[in-house]
Amino acid sequence: MKTLTGRDLRRANRIYLVLAALFICSLVVSNLIFQKFFYWNPFGWFNFELSVGLLPYPVTFLVTDLVSEIYGKRKANELVLAGIFASIFSLIIIFFADAAPAVKDSPIQDVVFTKVFGATTIAVIASMTAYLCAQFVDIQLYHFWKRLTKGRMLWLRNNLSTVFSQFVDTLAVLLLLCSTEIISWDNFIPFLISGVLFKMLVALFDTPLLYLGVGIFQRMFKLKMGEEIKVD
């Protein structure tokens with residue numbers, strides 16, 4: 001692990017703050033917009049039936065893999081805990097916003113607001129439970145493969161950790177949402193297949209982005225292959 005000082009340390013801390021903001025924003029937004037579903041059929045290969053909440057969610061796994069690779073396991077775990085806190089805090093805000101009665105001339109009345117955000121409490125709890133398991137699985141697997149390959153084969157640890165952890169996340173979220181009748185059990189298998197395939201596809205596409213990010217960090221801080229930085 002390389003210890004940074006001076007200008008490099010300040011730069012590394014600023015970048016970590018930006019990555020944390022991107023991670024937390026993606027996580028909170030995915031919890032708020034999950035109730036809208038859409039079809040996506042890339043090149044006519046497969047008809048994905050997906051929640052729009054999945055659109056920002058893969059960003060969180062890319063960010064945690066990048067932080068794991070450069071900042072180390074502890075900073076990645078801290079990022080996950082910050083995301084959980086942000087989700088809980090957003091849940092509290094939504095609870096009070098839903099409880100506050102709308103005035104007569106309010107553009108959004110109580111019925112509409114509750115319909116859009118009413119299931120958010122259960123959804124956030126379900127998402128956080130699944131997310132907590134999936135993200136920690138992702139970080140553990142990422143560093144397991146990093147140790148096993150001695151810092152080589154970045155593509156391997158990126159894809160193996162992300163694909164498995166996102167399968168855990170998708171399965172856990174759907175089980176919780178179907179159990180609470182937010183989603184019908186009839187949709188369990190289609191949503192599971194679509195969600196897992198979509199996330200596997202995203203994992204493949206985000207590998208070049210991870211290589212790009214790691215390459216920028218390595219040049220910026222003169223890091224060796226697999227070397228991490230210490231920012232405390």
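Listed here are the residues, each with its yes/no results for (1) part of a helix (DSSP H, G or I); (2) open to solvent by 30 Å² or more (accessible area, probe 1.4 Å); (3) not β-branched (Val, Ile, Thr).
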site: Val67; (1), (2), (3): yes, no, no
site: Lys75; (1), (2), (3): yes, no, yes
site: Glu78; (1), (2), (3): yes, yes, yes
site: Phe89; (1), (2), (3): yes, yes, yes
site: Ile94; (1), (2), (3): yes, no, no
site: Pro101; (1), (2), (3): no, yes, yes
site: Pro107; (1), (2), (3): no, yes, yes
site: Thr114; (1), (2), (3): yes, yes, no
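Say whether the condition of being under 30 Å from Leu9 (Cα atoms) and either of a type in the set (D, E, K, R) or exposed (fewer than 12 other Cβ atoms within 10 Å of the Cβ) (or both) is met by at least one residue in the range 137-145.
The answer is yes, given that some residue of the range 137-145 is under 30 Å from Leu9 (Cα atoms) and either of a type in the set (D, E, K, R) or exposed (fewer than 12 other Cβ atoms within 10 Å of the Cβ) (or both).
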Exercise for the section: Restricting attention to the range 146-167, report how many residues are surrounded by fewer than 18 Cβ atoms within 10 Å (Cβ to Cβ) and either within 22 Å of Asn31 (Cβ to Cβ) or of a type in the set (A, V, I, L, M, F, W, C) (or both). Expected result: 7
Practice task
Among residues belonging to the range 26-57 that are assigned to a loop (DSSP other than H, G, I, E, B), aromatic (Phe, Trp, Tyr) and more than 19 Å from the chain's Cα centre (by Cα), point out the one that is surrounded by the fewest Cβ atoms within 10 Å (Cβ to Cβ).
Solution key: Trp45
Problem - Residue check for Gly83: farther than 30 Å from Met225 by Cα and either modelled with pLDDT under 85 or open to solvent by less than 50 Å² (accessible area, probe 1.4 Å) (or both) - result: no
Practice task
Consider Ile193 carefully, then state whether it is open to solvent by 60 Å² or more (accessible area, probe 1.4 Å), within 24 Å of Arg14 (Cα to Cα) and without any contact (Cβ under 8 Å) to a residue 60 or more places away in the chain.
Solution key: no
Practice task
Give the range 4-25 a look and list any residue that's in contact with a strand residue (DSSP E or B) (Cβ under 9 Å, 6 or more places away or on another chain) and in a helix (DSSP H, G or I), or say none.
Solution key: Asp8, Leu9, Ala12
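Here's the yes/no breakdown for (1) in contact (Cβ under 8 Å) with a residue 12 or more places away in the chain; (2) under 23 Å from Thr207 (Cβ atoms):
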| residue | (1), (2) |
| --- | --- |
| Met1 | yes, no |
| Leu4 | yes, no |
| Leu9 | yes, no |
| Leu17 | no, no |
| Tyr39 | no, no |
| Leu55 | yes, yes |
| Pro58 | yes, yes |
| Leu62 | yes, yes |
| Gly72 | yes, yes |
Practice task
Return the pairs, sorted by first residue and then second, in which the second residue is not in a helix (DSSP H, G or I), the first residue lies in the range 21-37 and is farther than 13 Å from Val67 by Cβ, the beta carbons are less than 6 Å apart, and the residues are 6+ apart or on different chains.
Solution key: Ser26/Pro56; Val29/Pro56; Ser30/Pro56; Phe34/Ser51; Phe37/Ser51
Problem - Lys224, sole failed condition from (1) part of a loop (DSSP other than H, G, I, E, B); (2) under 21 Å from the mean Cα position of the chain (by Cα) - result: (2)
Exercise for the section: Starting from the range 146-157, keep only residues that are under 16 Å from Gly215 (Cα atoms), then list their pairs with residues that are open to solvent by 100 Å² or more (accessible area, probe 1.4 Å) and not in a helix (DSSP H, G or I) whose Cβ atoms are within a distance under 7 Å, requiring at least 6 positions of separation or different chains. Expected result: Gly151/Met225; Arg152/Met225
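Just checking, does the range 215-225 include any residue being on the phi > 0 side of the Ramachandran plot and open to solvent by 60 Å² or more (accessible area, probe 1.4 Å)?
Within the range 215-225, one or more residues are on the phi > 0 side of the Ramachandran plot and open to solvent by 60 Å² or more (accessible area, probe 1.4 Å).
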Practice task
Go through (1) farther than 30 Å from Tyr142 by Cα; (2) touching a Pro at 6+ places or on another chain (Cβ under 9 Å); (3) in contact (Cβ under 8 Å) with a residue 24 or more places away in the chain and name the single condition Asp110 misses.
Solution key: (3)
Fill in the blank from the handout: A careful count of residues in the range 180-206 that are part of a helix (DSSP H, G or I), modelled with pLDDT of 80 or more and closer than 26 Å to Lys115 by Cβ gives 7
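The values are calculated or read from the model by the stated rules, or taken from the named source; none is laboratory data. Worth saying up front: this structure is predicted, and the values here are computed from it rather than measured. Please note: Cβ atoms are built from the backbone with ideal geometry, for glycine as well, and neighbour counts cover all protein chains shown. These accessible areas exclude ligands, DNA and RNA; they are computed on the full protein's heavy atoms, side chains included. Shrake-Rupley method; radii C 1.70, N 1.55, O 1.52, S 1.80 Å.
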